[in-house]
Amino acid sequence: MEFLLAITIGVLYAAAFYLLLRRGVVRIILGIALLSQAVNLLIFTAGGLREGGVPFIAEGQTALAATSADPLPQALILTAIVISFGVLAFTLAMVHRADQATGTDDVDDLKGTDQT
Amino acid sequence: MNALTLAILTPLVTAVLCLFSLRSLTLQRFFGVAGMAVLLGVALRLMAEVGDGTIEVVRFGNWPAPFGIVLVADLLAGIMVLVSAIIGLAVAIYSIADVDARRVRFGYYAFLHFMMFGVCGAFLTGDIFNLFVWFEVMLISSFVLMSLGGEKPQMEGAVKYVTLNLISSSFFLAACGILYGQTGTLNMADLALTAREMRPELLTMTAMLFLVAFGLKAAIFPLFFWLPASYHTPPVAVSAIFAGLLTKVGVYALVRVFTLIFTEDVLFTHGLLLVLAGFTMVTGVLGAMVQFDFRRLLSFHIISQIGYMVLGLALFTPLAIAGTVFYLFHHIVVKANLFLISGITARYGGSFDLKKLGGFYAATPLLALLFFIPAMSLGGIPPLSGFFAKFAVVKAGLAGDTMFGGWATVLAVVALAVGLLTLFSMTKIWAEVFWKPAPEGHAPHPGNVPPAERFLLLAPVAALAALTLAIGFFPQYFFDFAARSAEQLLQPEIYINAVLGGTN
């Protein structure tokens, strides 16, 4: 399972960086979205995969069973998803405004402020 | 409630108050300035509490560390919060005259305080994932401040700024995940303990991920390209607080993790920092030499000055770390001030282009004096604050007690040469803007700005210049804080015991 996830994460990272290196602003945003998904899977995998048990403390017990999954990476991912959702929404709005203001979606044309 | 919690709550409450009073410009400006003033008071109290070397710890929901999230204020965090509050207050006052009504109606002050909320949180947290969340709070607010107004150059800068910072965040997040996978903890004090039992090569790999993440935020070589592409585009007040604070949060994070957690294979990690510091100083200052836009020139100098701070961290001796801390607070004050001044010359002279400015010394000698102080301080002329900052770092490099032997000396020489080039850049601004006669049709007109606004623009600049002078004339007092903070940083046991309650 780790092997499969590792390959998936690798493919996601590769796709994300390919998109980030494109010139279209929308592709770059898709790249950022893919990147955050790749990172989430990475946290999930690095946190250790365990088969079986959901991380609930069974009735009558005072601690988690040894077979249950670690709940912390899941909490981290949940936080990360919420943050990346908000950031992505902002980025889309910003790019829309940038498109209106500059009239282009090609990052190579966003050089107006770089002239000395 | 203690000062530590208040330092985080004050900006949050102020931001919410500003959101509630979106319709009233006067109320927003009042809350904007008053909130910063309260924050400054809180920061002073926090400084009084941690100034003697005690480390304050607040546990969220009373969960014992390392299970719950902790807020920790040591001397370094206290100093950083205090300087942030000073700059925040200066910028909030300056903003009244500088930021237009439209931007204020769209929530400028609210986001300024949300950003301070993130900045203070980042300085005070003791949990690495929590640090990520604070970084995001700070970044999202800074994205809004950067693009608020939606002018063409702003949007061009914002696209680059946002994209590269998001990539850095994803590196940071991945690093947190991997570190958790290896250690099973996120509490920084606990991480410091666990890290000692890890295989050094695995730990170093994770350290590199953190180096990329924080290096991008701190704008070290070769990750700095977003900074000069964006910092000169928003309103001056915004670029001033960005220039003063945001990259320094990255430096703070570097200092924190590379003194607390990643201290096993120091010859490699800090050696890499040493090399990067050298390149950062040189590329920054060389980049500045060809610039003729006031704010772009200053932006490149941020990069070169970051190099000095990273150099101090890399040398990893008590004197060097003290130099870094001293450099941090000297630089925040001076750099923000120079940006604020660039705004005033633009208001008087109508341009940020050095070639289109001139004759300011004849028109406003006071402004010339106010520029002269931070500019010469940045160039490292005694007895101003920059001299003592550079002196400490360079002396640490020449002292010969670092682990890098001759390389430390080489870097110290590089630092001196870069200091000379910095001075050259500052004299360039001086010659172009203040000394040379005004170009045809570009004479400065201080009278164009109403006297009340002129006062609001000049007062924060004068106060920051006075602070620069104070640091310069009484360096011993300030350096004492820096030295004691370095002592704390180099003895992680103090921090670990304070957070984990001496149970280990």
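Nothing in this text is a laboratory measurement; each read-out follows from the coordinates by a stated rule. A quick note: this is a predicted structure, and the numbers were derived from the prediction, not measured. Backbone-built Cβ (ideal geometry, glycine too); neighbour counts: all protein chains shown.
Miscellaneous remarks
- Only one residue of A:THR79, B:ALA7, B:LEU254 has its Cα farthest out toward the positive end of the dipole of the protein assembly as shown, where Lys and Arg carry +1 and Asp and Glu -1 on Cβ, and that residue is B:ALA7.
- In order along the stretch B:488-494, the phi-based Karplus estimate (6.51 cos²θ - 1.76 cosθ + 1.60, θ = phi - 60°) of 3J(HN,Hα) comes to 4, 5, 7, 10, x, 4, 4 Hz; Gly and Pro are listed as x.
- Label sites at A:ARG27 and B:ARG102, each approximated as a point 7 angstrom past Cα along Cα to Cβ, lie 3.3 nm apart.
- Rg and Dmax of the stretch B:2-134, Cα atoms only, in Å: 15.4, 47
- Restriction of the GluC sites (Glu not before Pro) in the stretch B:393-453 to DSSP coil positions whose beta-carbon has at most 15 other beta-carbons within 10 angstrom yields B:GLU440.
- The angle between the Cα long axis of helix B:152-183 and the longest principal axis of the Cα atoms of chain B comes to about 10 degrees, rounded to the nearest 10.
- Each part gets one Cα centre, and for the stretch B:440-464 versus the stretch B:229-300 those centres are 30 Å apart.
- The stretch A:66-81 - phi-based ³J(HN,Hα) in whole Hz, Karplus 6.51/-1.76/1.60, Gly and Pro as x: 5, 7, 6, 6, 6, x, 5, x, 5, 5, 4, 5, 4, 4, 5, 5
- Going from the residue with the fewest nearby Cβ atoms within 10 Å to the one with the most, B:THR54, A:THR79 rank B:THR54, A:THR79.
- R0 of 51 Å, Cβ-Cβ distance A:THR62-B:VAL266: FRET efficiency to nearest 0.05: 0.75
- Evaluated at q = 0.08, 0.13 Å⁻¹: base-10 log I(q)/I(0), Debye formula over Cα of the stretch B:265-473: -0.29, -0.69
- Stokes-Einstein D (µm²/s) once Rh is taken as the Kirkwood radius of chain A over alpha-carbon pairs, at 10 °C in 1.306 mPa s: 94 µm²/s
- Chain B - mean residue ellipticity at 222 nm from DSSP helices (-39,500 (n - 2.57) per run, n ≥ 4, rounded to 500): -25000 deg cm²/dmol
- Among B:SER169, B:SER24, B:SER385, the order by Cβ neighbours within 10 angstrom, fewest to most, reads B:SER24, B:SER169, B:SER385.
- Rounded to the nearest 10 degrees, the angle from helix B:25-50 to the longest Cα principal axis of chain B is 40 degrees.
- Cα-based Kirkwood hydrodynamic radius, the protein assembly as shown, one decimal, Å: 24.8 Å
- Angle in degrees between helix B:247-260 and the longest Cα principal axis of chain B, rounded to the nearest 10: 20 degrees
- Proximal aspartates and glutamates relative to B:LYS355, as straight alpha-carbon distance under 17 Å, when same-chain residues fewer than 8 apart are discounted: A:ASP114, B:ASP293, B:GLU432, B:GLU440
- Links that overshoot a 22 Å alpha carbon limit, given the list B:LYS217/B:LYS395; A:LYS111/B:LYS335; A:LYS111/B:LYS160: B:LYS217/B:LYS395; A:LYS111/B:LYS335
- Residues of type lysines that B:LYS356 reaches as a straight line, Cα spacing below 16 Å, ignoring anything fewer than 8 places off in the same chain: B:LYS428, B:LYS436
- Fewest neighbouring Cβ atoms within 10 Å first, the residues B:GLU487, B:GLU156, B:GLU197 line up as B:GLU197, B:GLU487, B:GLU156.
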